[in-house]
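Undergrad: My questions will all concern the structure given below.
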């Protein structure tokens, strides 16, 4: 199982998407830093996000769906997980690139795990700090975190962070 949940299930919470990057990747995040191309070494890329007001299942299914090409393999596992909770959810029929995470999710990097932290409070700053403490490095300040100067919601590590499930 690659869905790791913490807390009492509810449709709001924070999450960490863990992507496995097996080969070097060159990627721009839309207009971020003028369309700068980032060179990302193989390893793990972590995206920290939240979806409050009951939007968590649909947000995660959206992330696991690619606008072009097949969805991430983990989308089926997410669907099954939500259905086992009794939640009637469907992946989006169409997706346009909107968030910085969308550009990352369109890349060849494969969604390896989803870490859910149920609750009504935003926790991106806490999760970013915890990932940094485990050895992850931000790709760029402000990436995915335009509302938090000095923060970053996209981090990189040379391999899986073994303690992430304990955050």
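Undergrad: Is the shape of the range 93-167 best called rounded, prolate or oblate, per the rule: a/c under 1.5 gives rounded, else a/b larger than b/c gives prolate, else oblate, with a ≥ b ≥ c the square roots of the Cα gyration tensor eigenvalues? Walk me through the numbers before you get to the answer.
TA: Details: a/c = 1.35, a/b = 1.23, b/c = 1.10.
It comes out rounded by the Cα gyration axes.
Undergrad: Rounded to the nearest 500, what is the chain's calculated 222 nm mean residue ellipticity when only DSSP H runs of at least 4 contribute -39500 (n - 2.57) each, over all residues? Intermediate values should be presented prior to the final figure.
TA: Details: 4 runs with 36 residues, N = 167.
Value at 222 nm, helices only: -6000 deg cm²/dmol.
Undergrad: For residue 53 and residue 23, FRET efficiency with R0 = 30 Å and r from the beta-carbon atoms, rounded to 0.05? Can you show the working numbers first?
TA: On the way: r = 38 Å, r/R0 = 1.26.
The calculated FRET efficiency here is 0.20.
Undergrad: While we're on this one: With each label point set 7 Å from Cα along the Cα-Cβ vector, what nm distance links residue 39 and residue 134?
TA: 2.8
Undergrad: Once the chain is represented by equal point scatterers at the alpha-carbon sites, with solvent omitted, what log10 I(q)/I(0) does the Debye formula produce at q = 0.09, 0.15 Å⁻¹?
TA: Taken in order of the listed q values, log10 I(q)/I(0) reads -0.27, -0.79.
Undergrad: Cut-off is 10 Å between beta-carbons; in what order do 65, 96 appear when sorted fewest neighbours first?
TA: Numbers: 65 20, 96 7.
Lowest to highest Cβ neighbour count: 96, 65.
Undergrad: Give me D for the range 1-56 in µm² s⁻¹, whole number, from Stokes-Einstein with Rh from the Kirkwood sum over alpha-carbon pairs, 20 °C and 1.002 mPa s. Before the final figure, lay out each step's value.
TA: Numbers: Rh = 13.7 Å.
In µm²/s, the coefficient rounds to 157.
Undergrad: Tell me, 120, 102 in order of fewest to most beta-carbon neighbours within 10 Å? Numbers along the way, then the final one.
TA: Working: 120 10, 102 18.
Arranged by neighbour count, lowest to highest, 120, 102 become 120, 102.
Undergrad: Take the Cα of residue 89, step 7 Å along the line toward its Cβ, and report every residue of the range 24-56 whose backbone nitrogen sits under 14 Å from that point.
TA: In the range 24-56, the label zone of residue 89 (backbone N under 14 Å from the point 7 Å along Cα→Cβ) covers 49-56.
Undergrad: Which whole-percent values make up P(r) of the range 19-114 when all C-alpha to C-alpha distances are grouped in 5 Å steps starting at zero?
TA: 2, 13, 22, 24, 20, 11, 5, 2, 0
Undergrad: What ranking of 28, 12, 152 emerges when the number of other C-beta atoms within 10 Å of each C-beta is taken as an exposure proxy, fewest first?
TA: Values: 28 13, 12 16, 152 24.
In increasing order of surrounding Cβ atoms, one gets 28, 12, 152.
Undergrad: Using Cα-Cα distances under 8 Å and only pairs 6 or more residues apart, what relative contact order does the chain have, in percent?
TA: Values: 328 pairs, mean separation 54.2, N = 167.
Normalised by residue count, the contact order of the chain is 32 percent.
Computed from the coordinates by the stated procedures, all read-outs in this text should not be read as laboratory data. Since the model is a prediction, treat every value here as computed from it, not as a measurement. Here the Cβ is made from the backbone with ideal geometry for all residues, glycine too, and neighbour counts use every protein chain on show.
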